[in-house]
Amino acid sequence: MPYVLISTQIRLEAGPTMVGDEHSDPHLMSILGATKRSMLGNNFCEYYVNDAPRVVLDKLESLGYRVVSMTGVGQTLVWCLHRE
């Protein structure tokens, strides 16, 4: 998968960080130390790590990913990364 979205709530900038959806690459999720979970009321799963977004961004950079864009959506921070 060449694209990855990560996000966190502004009040949780120290973690946890959402690093993938239920269709994300399991190998990449394993490298990041992510666990799959479903929040109460959602009919889908997401991968989370307890690391701060900065730590996740450092790990993804070491794997060849680069930040394409970053934005704030309401109370959520979102980064889009791409790997060539």
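The values are calculated or read from the model by the stated rules, or taken from the named source; none is laboratory data. Quantities reported herein were computed from a predicted structural model and do not represent experimental measurements. Neighbour counts are summed over all protein chains in view; Cβ atoms, including those assigned to glycine, are modelled from backbone coordinates with ideal geometry. Heads up: the accessible areas ignore ligands, DNA and RNA and are worked out on the full protein's heavy atoms, side chains in. Shrake-Rupley method; radii C 1.70, N 1.55, O 1.52, S 1.80 Å.
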Considering residues that are within 12 Å of Ser7 (Cα to Cα) and in contact (Cβ under 8 Å) with a residue 12 or more places away in the chain, the number found within the stretch 51-65 is 5
Of the candidates Pro2, Pro16, the one satisfying the condition of being open to solvent by 50 Å² or more (accessible area, probe 1.4 Å) and of a type outside the set (Gly, Ala, Ser) is Pro2
Scanning the stretch 26-38 for residues that are open to solvent by less than 90 Å² (accessible area, probe 1.4 Å), of a type outside the set (Ser, Thr, Tyr) and not in a helix (DSSP H, G or I) gives Gly33, Ala34
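Out of all the residues in the stretch 3-15, is one or more touching a strand residue (DSSP E or B) at 6+ places or on another chain (Cβ under 9 Å), on the phi < 0 side of the Ramachandran plot and without any contact (Cβ under 8 Å) to a residue 12 or more places away in the chain?
Taking the stretch 3-15 and keeping what is touching a strand residue (DSSP E or B) at 6+ places or on another chain (Cβ under 9 Å), we get 3-10, 13-15.
Next, from what is left, pick out any that are on the phi < 0 side of the Ramachandran plot: 3-10, 13-14.
Narrowing the set further to residues that are without any contact (Cβ under 8 Å) to a residue 12 or more places away in the chain leaves none.
For the stretch 3-15, residues touching a strand residue (DSSP E or B) at 6+ places or on another chain (Cβ under 9 Å), on the phi < 0 side of the Ramachandran plot and without any contact (Cβ under 8 Å) to a residue 12 or more places away in the chain: absent.
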Selection from the stretch 54-84 of residues in a strand (DSSP E or B) and either open to solvent by 60 Å² or more (accessible area, probe 1.4 Å) or among the polar types (S, T, N, Q) (or both) yields Arg66, Val67, Val68, Ser69, Met70, Thr71, Val73, Thr76, Arg83
